[in-house]
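Inspection log for the structure reproduced underneath, given as structure tokens.
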Amino acid sequence: MQAQAPDRDERAAGERDGRPGGGPGPAPGGPGAVGRRPAPGEEPEPRRGRPRSAAAERAILDAVVELLEAGEPLAALSIERIARTAGVGKATIYRRWAGKEELFVDVLRAIEPPEPEVSGTGGLGDLRVLLESIRTRGLAQRSSALLHNVFAQMKSHPKLWNEYQCTVIAPRHLAMVAAVRRAVEAGELRDDTDVELMDDLFLGPMLVRTIHRPDAPLPEDLADRVIALAIEGLAPRRAAAGPDQGANQG
């Protein structure tokens, strides 16, 4: 059976990926494959999706960043304009994203610092990792005019802001609350206080410094200092000293 020729979008993505004509590249590990061979005893890299699909998606994300860096406001970006800049058809975008909001959220994820990896079993240890990620994102927004401008514009687009809140902020909040709950279960925090309120006490100082006070310092030990200060009021209460102990101390 004769192989079907790649369509226009796939040819364009393939040419950006270094494959004239846009046909599929050589099979991973096959003749002509490009890439680092695994060292002895090293696990081979996992196979990824088809290169032409990955290349098309990367081209779309890059196109949005290119337009934003050129000064185009979010409101002026249409799927047609993005597709033209990326060199793909609109259908290629709609196969991956339901609309502009979902696409813009993925663009933000691509240019923001990556989400932190937590153990999922630790309490205060995982909490520290999550607080540190807020600090690094705050630093990124201060140093990146693109991130700063995009976030400023997002707040005037309720649908886009809601999408970001639901798909990015809400999972981060759940991860923070889960870490606080694990800290309570491990005896690192007191168990007679609302978990959500304790989460707010840890999160509040970071949000104030990264969002509401853009000139406030964000030192490397800020997460440790926030946790240490909060724990003074949230640490498990010690049992009250008995009469004998009190007499001995006197």
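The values are calculated or read from the model by the stated rules, or taken from the named source; none is laboratory data. Fair warning: this is a prediction, and the values are worked out from it, not measured in the lab. Don't worry about glycine lacking a Cβ; one is built from the backbone with ideal geometry, like all the others, and counts go over all protein chains shown. Areas reflect the complete protein model, heavy atoms only, side chains present, ligands, DNA and RNA absent. Shrake-Rupley method; radii C 1.70, N 1.55, O 1.52, S 1.80 Å.
Numbers below:
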read-out	value
Residue (of G120, P158, L139) at the positive-pole extreme of the stretch 66-220, dipole from beta-carbon charges	P158
Residue-normalised accessible area of the stretch 110-250, expressed per residue, 1.4 Å probe, Å²	59
Residue-wise HN-Hα coupling along the stretch 201-217, computed from phi with Karplus coefficients 6.51, -1.76, 1.60 (Hz; x: Gly, Pro)	5, 6, 6, x, x, 5, 5, 4, 6, 8, 10, 8, 10, x, 9, 6, x
Under Karplus coefficients 6.51, -1.76 and 1.60, residue-wise ³J(HN,Hα) of the stretch 57-62 in Hz, glycine/proline x	5, 4, 5, 5, 4, 5
Percent carbon-and-sulfur accessible area, the stretch 55-205, ignoring ligands, DNA and RNA, probe 1.4 Å	54
Environment charge at I134 (Cβ cut-off 10 Å; Lys +1, Arg +1, Asp -1, Glu -1)	+3
Value of relative contact order over the stretch 133-224, rounded to a whole percent, pairs C-alpha under 8 Å and six or more apart	35
